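Structure first, then comments.
The values are calculated or read from the model by the stated rules, or taken from the named source; none is laboratory data. Because the structure is a prediction, the values reported are computed rather than measured. Please note: Cβ atoms are built from the backbone with ideal geometry, for glycine as well, and neighbour counts cover all protein chains shown. These area figures cover heavy atoms from the full protein model, side chains too; ligands, DNA and RNA do not enter into them. Shrake-Rupley method; radii C 1.70, N 1.55, O 1.52, S 1.80 Å.
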Amino acid sequence: MEIYLIKGVQLLLSLTILVALHEGGHFFFSKLFGVRVEKFFLFFDPYFHIISTRDNWLRRLLGKAPVQGENSGDNYTGTEYGIGWVPLGGYVKISGMIDESMDTEQLKQPEQPWEFRSKPAWQRLLIMVGGVLVNFLLAFFIYAMVLYAWGTDYVPVQNYSQGMAFNERAKEIGFQDGDILLRTEKGEIKTRSTGDTYRLISEADQVTVNRKGQEVTIQMPGELSLLDMINEVPIFMDALVANEVDSVVAGMPGAMAGLQKGDQITCINGTMISSYNQFQNEMARIQDQTLECTPEDSLRLRHLTLTIERAGQLDTLSILMTKEFKIGFMPLMPEVKAVHEDYGFFESFPAGVSYGWNVLGGYVSDLKYLFTKQGAKSVGGFGSIGSIFPDKWDWHRFWLMTAFLSIILGFMNILPIPALDGGHVLFLLYEVVTRRKPNEKFLEYAQMVGMALLLLLMIWANLNDIIRFLF
């Protein structure tokens, strides 16, 4: 329960920062161009709110006269700031604009100079992109500060001296166990980061590897699915681990059967293996057979016959695994040297922008999978978002995840969907090109359709979370 609480607090704090600054972008440009902002709310407030106040207290604090009918004789008394009770976002209510509030009564009145609709198209455009602009700038700034404060650690893929282990589909393409990845025609493969490396390979026409000291170029089939590569069992590729025993746990089946440090496992139940990766795959296959079998069959499957090589001699061990299918040994892991890079204050900014741009490019590239069956199932709601945060408070990870969510929030909001900032931008661009404003009734209906679509997407995403949790 404590883990869920820690993740939930991090998610809430992150979204609070992002939503407040996103809406602050709209607020800034509205005030810059003299557009009245009636409300600035963190979270939504249907029927009631937790707290609210108006900005006249601030004007009094600064020694300024309270706002009374700004540019008019009405009863406007300043922007209302508040916190709603539905933590799903936030909003600014801008006078003379069709937004989430669906307040169309003011649009029936004559245009006023302080209203959104009375301003030039270029000013309205900046007001609408203000939130997205803040999200992207915030992400780049966070990445820069993270690099400045913590630097970056990564393992160059070339440092995996034993190379990679590949599944059958990868071997059909032309990869071989032990290949060390070098580059594609698009550039160097720098790290073994699942997303970046798999994305490069899935989109590549050619992949160059180091195979036993020689460079070999593998022709790729094209249009490999990134989701398939990640979700395949066994996975498309992983770091190659030797089939040598490094340590044996006392009292476990392996130790009781005579398994020793330095033994090389060469065969399991008659199946030849040459790496610990193959050993794991074979063990997973055996365990899968127990999902629908009798207790007697399960007991039979737990009996393993291992062929080992010890000091140049072959020997056979008979092992009865535990009910959890454990033998009790650790393989000899390859020594892989990580690289740490520090950044000065000023050099962290271009590095942060480059890092953020790479994250954005990867996210946009992966959106094509959203329209596949597997991609639709992978869409997640607040549970999935919260799961990306660590189960222990870690400021480094927190800020990396916040920057990532800021990029997602910025990009999703700029999509040309009614009810999102991008929908408003689309209609404004139409106005700029045609020199005609879209019909206000059309804008009202478009807003309603967009809100309905977003509500359905939110329901679908959170339903996926519930299904994953239950099953």
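How about segment 70-101: which of its residues are modelled with pLDDT under 80, open to solvent by 50 Å² or more (accessible area, probe 1.4 Å) and out of contact with any Leu (no Cβ under 8 Å at 6 or more places or on another chain)?
Passing the criteria: GLU70, ASN71, GLY73, ASP74, ASN75, LEU88, GLU100, SER101.
Restrict the check to segment 153-164 and report whether at least one residue is among the aromatic types (Phe, Trp, Tyr) and either in contact with a Phe, Trp or Tyr (Cβ under 9 Å, 6 or more places away or on another chain) or modelled with pLDDT of 90 or more (or both).
Looking through segment 153-164, none of the residues is among the aromatic types (Phe, Trp, Tyr) and either in contact with a Phe, Trp or Tyr (Cβ under 9 Å, 6 or more places away or on another chain) or modelled with pLDDT of 90 or more (or both).
Where the second residue is modelled with pLDDT of 90 or more and the first is open to solvent by 50 Å² or more (accessible area, probe 1.4 Å) and lies in segment 1-29, which pairs have Cβ atoms under 7 Å and are six or more apart or on separate chains?
Every condition considered, the pairs that remain are LEU21/VAL134; LEU21/LEU138; PHE28/GLY130.
Just name the residue that is most open to solvent (accessible area, probe 1.4 Å) out of those in segment 244-271 that are charged (D, E, K, R) and under 13 Å from ILE308 (Cβ atoms).
Of everything passing the filter in segment 244-271, LYS261 is most open to solvent (accessible area, probe 1.4 Å).
What number of residues in segment 402-441 are buried (at least 19 other Cβ atoms within 10 Å of the Cβ) and under 13 Å from the mean Cα position of the chain (by Cα)?
Of the residues in that region, 7 qualify.
Among the candidates VAL132, VAL209, VAL216, single out the residue that is part of a helix (DSSP H, G or I) and not acidic (Asp, Glu).
After applying the criteria, what remains is VAL132.
I'd like to check something: does segment 217-224 contain any residue that is out of contact with any helix residue (DSSP H, G or I) (no Cβ under 9 Å at 6 or more places or on another chain), open to solvent by 30 Å² or more (accessible area, probe 1.4 Å) and farther than 16 Å from GLY362 by Cα?
Yes, segment 217-224 contains a residue that is out of contact with any helix residue (DSSP H, G or I) (no Cβ under 9 Å at 6 or more places or on another chain), open to solvent by 30 Å² or more (accessible area, probe 1.4 Å) and farther than 16 Å from GLY362 by Cα.
Of the residues that make up segment 315-337, is at least one open to solvent by 30 Å² or more (accessible area, probe 1.4 Å) and within 30 Å of PHE141 (Cα to Cα)?
Yes: segment 315-337 contains one or more residues that are open to solvent by 30 Å² or more (accessible area, probe 1.4 Å) and within 30 Å of PHE141 (Cα to Cα).
Show the residue pairs meeting these rules: Cβ distance below 8 Å; 6+ apart or different chains; first residue within segment 161-181 and free of Cβ contacts under 8 Å to residues at least 24 places away in the same chain and under 18 Å from GLU203 (Cβ atoms); second residue surrounded by fewer than 16 Cβ atoms within 10 Å (Cβ to Cβ) and not polar (S, T, N, Q).
Going by the 8 Å Cβ cut-off, there are no qualifying pairs.
Just need a number here: residues in segment 159-209 that are over 21 Å from GLY361 (Cα atoms), surrounded by fewer than 16 Cβ atoms within 10 Å (Cβ to Cβ) and among the polar types (S, T, N, Q).
So the answer is 1.
Mind listing whichever residues of segment 381-422 are outside any loop (DSSP other than H, G, I, E, B) and modelled with pLDDT under 85?
Those that are outside any loop (DSSP other than H, G, I, E, B) and modelled with pLDDT under 85: PHE382, GLY383, SER384, ILE385, GLY386, SER387.
Given the conditions (1) at positive phi; (2) in a helix (DSSP H, G or I), report the number of the one that GLY222 does not fulfil.
So GLY222 meets the others, but not (2).
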